[in-house]
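Peer 1: The structure is given below, and queries will be raised subsequently.
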Amino acid sequence: MPFYEPDKEIINMELDEIRHAISDTDQQLLGLLAKRRQLALAVADAKLAQNKPIRDQKREQELLVSLIGQGKPLGLDAQYVTRLYHVIIEDSVLQQQAKIQGQLNGTDSPAVRVAFLGGQGSYSYWATQKYFTRRAARIIEQGCDSFNEIVQAVETGHADYALLPIENTSSGSINEVYDILQHTRLSIVGELTHPIAHCLLGLPGTDLTKIRQVCAHPQVIAQCSQYLQGLSQVKIEYCDSSSDAFNRIKQQQDPTVVAIGGEEGGQLYGLEVLTRDLANQKDNVSRFIVVARKPVTVAKALPAKTTFIMYTGQQPGALVDALLVLKQHGISMGKLESRPINGNPWEEMFYVDVFANLNDYAMTRALEELNKITKFIKVLGCYPSEDIEPTQVTTG
């Protein structure tokens, strides 16, 4: 027996009546979620006026504990309530950050032009929608066939922003993007992470035992290498993007040819899922960066990241000395990536992500000192961090 009293009126309803009631309830929930988002944005204005940080994790923890307590007599378990409100809180924080950044930098716009890899349905397409729907009423999409083409679209003024995948939890860093960053005049102005769920997709009615070719982007193939090793006598066809792979299947109308990509993207091309969860790692997430022609200033109320590249030279201990500068100024490093320098065999450039605002005194001093002990240093951008760690609660 449940520990709460079920609604007797619901128990006596017919199936069609129940479904109609569910639809009505869902509509009410959507209205309440929209209202909550508006209230969260109003909170951002108040926090900015009082110079308070966007996140107050003590307040978030108190809220979750209270909601878990309120949900218990209603038959809502703690895990359900916590998971639901982690999503709601993350959305509130990201909406507030986007609003504050737009006001500070004057980047609020009814429409933005964004260049990204592939076309509708690619992973970069969905990441673009996820990031820019918080920042503009309309997204003018510019699908591209290569990373160089994406960057050139912004450099030449044909797009306002470029969205680039830079690393993945399964396949690691995307070296081509790191190399492009070394030479471009663009600045990193934002970031986001996006879950990647790879599926095998084909024409309706495709027989898995008869497939002869798999189409996918090289990064997708690398992330699903273990699954692909189990397919005997199957040819791998490299594509410019997941959307390119989907379009090939749609155009060829050959049931022996399939694609790997996201379920939502495949549906846009009339494909159906044949197998799910193909990635080597269960938690498969890609990190994207957003670049623009002009750098942005990050509000003090927001957590910030700064990305720079440096060449320390080949003398012993040079890299250690550079990293000690960051440590001495209390700056935490999030990533250190090395890339070879063209024309200089065995020499490397280092890409560094740190959790610091470029305008902080500690970061300013650290860069001044690094300038003195390195042969080259270039700041690629300072931008709001979108690493929204869920607030944990302990309940009895």
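Peer 1: Taking the condition of being under 26 Å from ARG185 (Cβ atoms) and surrounded by fewer than 18 Cβ atoms within 10 Å (Cβ to Cβ), how many residues in segment 312-324 meet it?
Peer 2: Qualifying residue count for the region: 1.
Peer 1: I need the full set of residues from segment 280-298 which are over 20 Å from ALA127 (Cβ atoms) and buried (at least 22 other Cβ atoms within 10 Å of the Cβ), in order please.
Peer 2: Hit for segment 280-298 is VAL298, nothing else.
Peer 1: So, of the residues in segment 49-79 that are among the aliphatic types (A, V, I, L, M) and surrounded by 12 or more Cβ atoms within 10 Å (Cβ to Cβ), which turns out to be farthest from THR394 (Cα to Cα)?
Peer 2: Applying the first criterion (among the aliphatic types (A, V, I, L, M)) to segment 49-79 yields 49, 54, 63-65, 67-68, 74, 76, 78.
Cutting the leftovers down to surrounded by 12 or more Cβ atoms within 10 Å (Cβ to Cβ) gives us 54, 63-65, 67-68, 76, 78.
On the way: ILE54: 23, LEU63: 12, LEU64: 10, VAL65: 8, LEU67: 13, ILE68: 11, LEU76: 17, ALA78: 10 Å.
Checked segment 49-79; the qualifying residue farthest from THR394 (Cα to Cα) is ILE54.
Peer 1: Which residues, taken from segment 222-246, are crowded, with 21+ Cβ neighbours inside 10 Å and either under 17 Å from ARG276 (Cα atoms) or touching a residue at least 40 places away in the same chain (Cβ under 8 Å) (or both)?
Peer 2: Pass one, segment 222-246, residues crowded, with 21+ Cβ neighbours inside 10 Å: 223-224, 239, 241-246.
The answer is GLN223, CYS224, SER241, SER242, SER243, ASP244, ALA245, PHE246.
Peer 1: From the set of residues in segment 298-330 that are of a type in the set (Val, Ile, Thr) and more than 14 Å from CYS382 (Cα to Cα), which is modelled with the lowest pLDDT? Steps first, answer last, please.
Peer 2: Of the residues in segment 298-330, the ones of a type in the set (Val, Ile, Thr) are 298, 306-307, 309, 312, 320, 325.
With more than 14 Å from CYS382 (Cα to Cα) added as a condition, the list becomes 312, 320, 325.
Values: THR312: 91, VAL320: 94, VAL325: 97.
Per the stated criteria, the residue is THR312.
Peer 1: Turning to a different aspect of this structure: Give me a count of the residues in segment 330-385 that are crowded, with 20+ Cβ neighbours inside 10 Å, free of Cβ contacts under 8 Å to residues at least 60 places away in the same chain and on the phi > 0 side of the Ramachandran plot.
Peer 2: Residues that pass the stated criteria total 0.
Peer 1: Starting from residues that are part of a strand (DSSP E or B) and hydroxyl-bearing (Ser, Thr, Tyr), keep the ones in segment 176-209 and report whichever is nearest to GLN281 (Cα to Cα).
Peer 2: The qualifying residue nearest to GLN281 (Cα to Cα) is THR193.
Peer 1: Over 30 Å from PRO218 (Cα atoms), assigned to a helix (DSSP H, G or I) and open to solvent by less than 20 Å² (accessible area, probe 1.4 Å): does that describe VAL93? Explain how you work it out, then say what you get.
Peer 2: Numbers: over 30 Å from PRO218 (Cα atoms): yes; assigned to a helix (DSSP H, G or I): yes; open to solvent by less than 20 Å² (accessible area, probe 1.4 Å): yes.
Yes.
Peer 1: Pick from ALA216, ALA153: which is farther than 19 Å from VAL273 by Cβ, of a type in the set (A, V, I, L, M, F, W, C) and open to solvent by less than 40 Å² (accessible area, probe 1.4 Å)?
Peer 2: ALA153
The values are calculated or read from the model by the stated rules, or taken from the named source; none is laboratory data. Since the structure is predicted, the reported quantities are computational estimates derived from the model, not experimental observations. Because the Cβ atoms are built from the backbone with ideal geometry, glycine has one as well, and the counts that use them run over all protein chains shown. Ligands, DNA and RNA are excluded from the accessible area calculation, which covers all protein heavy atoms including side chains. Shrake-Rupley method; radii C 1.70, N 1.55, O 1.52, S 1.80 Å.
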